[in-house]
1. Please go through region 216-237 and pick out each residue that is within 21 Å of residue 306 (Cα to Cα) and either surrounded by 15 or more Cβ atoms within 10 Å (Cβ to Cβ) or at pLDDT 90 or above (or both).
2. Would you be able to say whether some residue in region 302-316 is over 22 Å from residue 110 (Cα atoms) and modelled with pLDDT under 95?
3. Working only within region 97-145, note down all residues that are in contact (Cβ under 8 Å) with a residue 40 or more places away in the chain, outside any loop (DSSP other than H, G, I, E, B) and either over 19 Å from the mean Cα position of the chain (by Cα) or over 30 Å from residue 250 (Cα atoms) (or both).
4. Got at least one residue in region 332-342 being at pLDDT below 95, at positive phi and touching a helix residue (DSSP H, G or I) at 6+ places or on another chain (Cβ under 8 Å)?
5. May I ask you to list the residues in region 199-239 that are in a strand (DSSP E or B) and over 23 Å from residue 281 (Cα atoms)?
6. With respect to residue 283, is the statement that it is closer than 18 Å to residue 253 by Cα and modelled with pLDDT under 95 true?
7. Considering only region 240-330, give the strands (runs of 3 or more DSSP E) lying wholly within it that have at least 1 residues that are without any contact (Cβ under 8 Å) to a residue 60 or more places away in the chain and either in the same structural domain as residue 97 (by TED's automatic domain parsing) or over 19 Å from the mean Cα position of the chain (by Cα) (or both).
């Protein structure tokens, strides 16, 4: 979490402020099960000390449950599997990473993870969690030696609860103006995971990405120097890996369940027998967003097409221009199985 920055009233240079937290304090998603709240064998996976503690505990031949179906969870599952632990990846939602992937894409990822030998279970909420000797029993059926609670990150702002700095009741983040200054405490600025900022849909909430934290820090710094700044994130882009499956996204990919939006269409294709797919979302014939699995793409080219309001036909004809690994990546082609369907 990026800490809030306070401008000293004496005119001194602003200084960063941080706060210490307990093992399951603010900043980490707290496990909701009483047995997991404290004690050995249950690990978060957010900071470098978290990784070091898990590294000391995880030994080949052990059984581990990774609870939480996002980017933190899949990274934890991968490193533990490679360490030689029998790994269960438990996901509460109907499919993996629903905030970013649709059901087809998530199934590609889940099948690939299972192919590696990881027990990937979707639609699997953890309803009971009990200690059994030195291990744990989950949902009265799954016995494990270790648990990784990959439940996300929350703003580490508890130390501001009694201050003049207003915190959002839902996210716990610092309410900011467009220039990243606190709405209630002049001279206090916030950037990163702890800042409530404006999104394209009009809502205000934290942006949990490294590059937006960087951009917000720059905007807050300019404000403190006297510039008139209104922070607005540019068009979304990101990349990741799900085990060895590349993931690239750019633009506006509405969340799952938004299929009733008028004027929206989705073009999709999946290579048979491979963890490779492309999804392109359009509105009124203009490309608005991309999701791709199994290959690397140049965000810059995709973003340019979005800003130029290119139609789908143009994008499909020029997809090779966006290949990231031109020497190793196969040339793009539209497959006979490609579909164009209404909605997203």
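The values are calculated or read from the model by the stated rules, or taken from the named source; none is laboratory data. Please read these numbers as outputs of a predicted model, since none were measured by experiment. Glycine gets a Cβ as well: all are built from the backbone with ideal geometry, and neighbour counts include every protein chain shown.
1. Going residue by residue through region 216-237, those that are within 21 Å of residue 306 (Cα to Cα) are 231-237.
Result: 231, 233, 235, 236, 237.
2. If we filter region 302-316 for residues that are over 22 Å from residue 110 (Cα atoms), which is where we start, we get 302-316.
Subsequent filtering for residues that are modelled with pLDDT under 95 retains none.
No, every residue in region 302-316 fails to be over 22 Å from residue 110 (Cα atoms) and modelled with pLDDT under 95.
3. If the condition is that a residue be in contact (Cβ under 8 Å) with a residue 40 or more places away in the chain, outside any loop (DSSP other than H, G, I, E, B) and either over 19 Å from the mean Cα position of the chain (by Cα) or over 30 Å from residue 250 (Cα atoms) (or both), then 111, 112, 129, 130, 131, 135, 136, 138, 142, 143, 144 are the ones that fit.
4. No, that holds for no residue.
5. Residues of region 199-239 in a strand (DSSP E or B): 204-205, 237-239.
The answer is 204, 205.
6. Values: closer than 18 Å to residue 253 by Cα: yes; modelled with pLDDT under 95: yes.
So residue 283 passes the test.
7. Working: elements: 245-251, 264-270, 277-283, 286-293.
The qualifying strands (runs of 3 or more DSSP E) are 277-283, 286-293.
Okay, residues lined up against (1) touching a residue at least 40 places away in the same chain (Cβ under 8 Å); (2) outside the structural domain of residue 289 (by TED's automatic domain parsing); (3) closer than 23 Å to residue 304 by Cα; (4) surrounded by fewer than 18 Cβ atoms within 10 Å (Cβ to Cβ):
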site: 161; (1), (2), (3), (4): no, yes, no, yes
site: 169; (1), (2), (3), (4): no, yes, no, yes
site: 172; (1), (2), (3), (4): yes, yes, no, no
site: 183; (1), (2), (3), (4): no, yes, no, yes
site: 186; (1), (2), (3), (4): no, yes, no, yes
site: 192; (1), (2), (3), (4): yes, yes, no, no
site: 201; (1), (2), (3), (4): no, yes, yes, yes
site: 213; (1), (2), (3), (4): yes, yes, yes, no
